[in-house]
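Here's the structure, in structure tokens; my notes come after.
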Amino acid sequence: MHSMETKIQRHIDVLFDELNNLPQGPFCIAFSGGSDSLALLYALSKRFDSTLLYPFYVNHRLRSETELAVEIMQNEQQCKALGLELTVIDLGDGTVQEAAGKRGRGIEEAARQLRYEALETECRAHNIGYLFTAHNSDDQLETLLMRLGQGASIRSLGGIRSVGAFRSITLLRPFLNLSHQELQEYVEDHGLQWSEDSTNVQSIYLRNMVRKSVKKPFLEIFPQGRNGASLIARRLQGVGELLEQMVDSLMEEVTFDEKGSISFSKHWFCTVHPLLSEQLMFRLVGLLSGEKGRIALSMIDELMTALRTEEASHSAVVGAVGVYCQSDRCTLVATKPVWSFSMELADPFTPQTIDLGEGYCIQIDSYQAEERWDEVLAIDAHSLDRPVLRTWLSGDEILLESGKMK
């Protein structure tokens with residue numbers, strides 16, 4: 001067997017060794033048509049019978065119809081050549097943008113969430129509990145760099161896990177210790193042609209910016225940086241698991257009532273080590289909101305501050321969580337989240353109306369210098385660098401011709 005073929009299959013073996021019950025299939029495969037997912041598709045097709053493999057392609061509708069049509073046709077041909085049938089999942093025009101406006105976390109986050117939701121739905125429809133994805137060591141390094149910059153929790157700094165979960169399905173990622181370059185060479189060796197996503201070169205997306213402006217110079221200084229990131233991720237995953245076990249014990253001090261509220265002793269909470277109380281708060285907010293991840297650390301910090309105040313009786317609302325403390329008893333309840341939005345402004349030059357959700361919109365029109373409108377903000381579009389529309393936050397400032405305003 002070719003040395004790279006042996007290496008690829010060995011990584012799949014290592015992944016299966018991590019599972020308590022060795023799955024025999026069937027399996028779903030997230031297949032974008034890029035070199036990484038094509039390498040995954042090809043390697044699995046050499047290992048399993050075609051009747052056990054179900055490749056899914058998610059169309060986010062974020063690129064031109066022409067590019068998407070060419071890509072989908074090529075992906076269908078790739079699958080057919082391997083004896084597989086490709087299922088195309090169309091999210092619908094504007095769905096990602098609408099979700100980004102409602103969730104307030106940008107296009108990338110909304111696309112990822114909708115993609116996994118759609119893939120999980122298809123897996124359940126086919127009665128399949130496993131989904132393969134082609135995340136590699138470059139993805140791991142980029143994820144860790146982003147989370148370091150965002151001040152992520154210890155658990156989040158564990159990065160991408162080789163065996164994970166999304167709702168009812170198990171996620172399998174066998175290539176986390178292989179680089180993008182290795183996977184690309186693998187498909188080249190087999191004469192396979194992959195597709196290139198045009199958005200991968202657009203700097204409006206955070207991961208692309210990190211890939212070009214942070215990861216590239218990082219690897220020039222630390223050529224083995226991918227291996228180092230993988231090692232750190234595994235260690236922090238172990239630390240995260242240990243903390244989770246300790247939080248399990250702390251949960252015995254927490255009370256849940258039939259209305260869904262959560263309460264505990266304020267004195268007890270303040271005696272818990274800050275690192276553990278932070279992890280506990282992540283757990284409790286997740287239970288209240290239904291979120292399994294992606295909870296902002298800034299929100300946790302605000303909640304911790306509210307809970308540790310010396311006032312005997314007080315209340316506060318942080319995001320979608322209400323905090324009510326009376327004497328020594330603190331109660332957390334789910335509240336209606338404050339409306340917010342955050343989205344990239346891809347084209348600030350073209351007159352347009354942008355739906356912000358909740359019945360609000362923003363109108364962008366051309367402006368002549370001689371015009372004077374008291375309620376219009378005039379900005380030179382040429383002065384904008386990767387502009388973003390988002391909800392006002394405390395501490396924001398704007399620099400106008402007349403001076404700085406808060």
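Some values worked out for this structure:
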item	result
Close pairs from the stretch 74-101: first in the same structural domain as G191 (by TED's automatic domain parsing) and farther than 16 Å from Q113 by Cβ, partner acidic (D, E) and modelled with pLDDT of 95 or more, Cβ under 6 Å, at least 6 apart	L86/E76
Answer from S203, S213 - the residue that is in contact (Cβ under 8 Å) with a residue 24 or more places away in the chain, among the hydroxyl-bearing types (S, T, Y) and closer than 30 Å to D385 by Cα	S203
Residue satisfying condition, being touching a residue at least 12 places away in the same chain (Cβ under 8 Å) and either within 23 Å of E185 (Cα to Cα) or of a type in the set (G, A, S) (or both), within set A69, A43	A43
The listed residue being part of a loop (DSSP other than H, G, I, E, B) and assigned by TED's automatic domain parsing to the domain that holds L62, out of S203, S213, S230	S203
Candidate set: the stretch 32-83, residues that are part of a helix (DSSP H, G or I) and among the β-branched types (V, I, T); chosen: the one farthest from E98 (Cα to Cα)	T51
Selection count, the stretch 299-337, where residues are within 20 Å of the chain's Cα centre (by Cα) and without any contact (Cβ under 8 Å) to a residue 12 or more places away in the chain	0
Residue count, the stretch 138-153 (criterion: surrounded by 17 or more Cβ atoms within 10 Å (Cβ to Cβ) and outside any helix (DSSP H, G or I))	2
Residues being under 13 Å from G33 (Cβ atoms), surrounded by fewer than 17 Cβ atoms within 10 Å (Cβ to Cβ) and within 27 Å of the chain's Cα centre (by Cα) - total across the stretch 75-102	1
Cross-chain or 6+ apart pairs with Cβ under 6 Å, the stretch 10-22 first and within 14 Å of R161 (Cα to Cα), then surrounded by fewer than 11 Cβ atoms within 10 Å (Cβ to Cβ)	F16/L22
Out of S277, S263, sole residue that is buried (at least 16 other Cβ atoms within 10 Å of the Cβ), in contact (Cβ under 8 Å) with a residue 60 or more places away in the chain, not acidic (D, E) and not in a loop (DSSP other than H, G, I, E, B)	S263
Output for the stretch 246-260, where each listed residue is part of a helix (DSSP H, G or I) and not small (G, A, S)	M246, V247, D248, L250, M251, E252, E253
In the stretch 319-336, the residues that are at pLDDT below 90 and either exposed (fewer than 13 other Cβ atoms within 10 Å of the Cβ) or not in a loop (DSSP other than H, G, I, E, B) (or both)	K336
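The values are calculated or read from the model by the stated rules, or taken from the named source; none is laboratory data. Remember, it's a predicted structure, so these values are computed and weren't measured experimentally. Glycine gets a Cβ as well: all are built from the backbone with ideal geometry, and neighbour counts include every protein chain shown.
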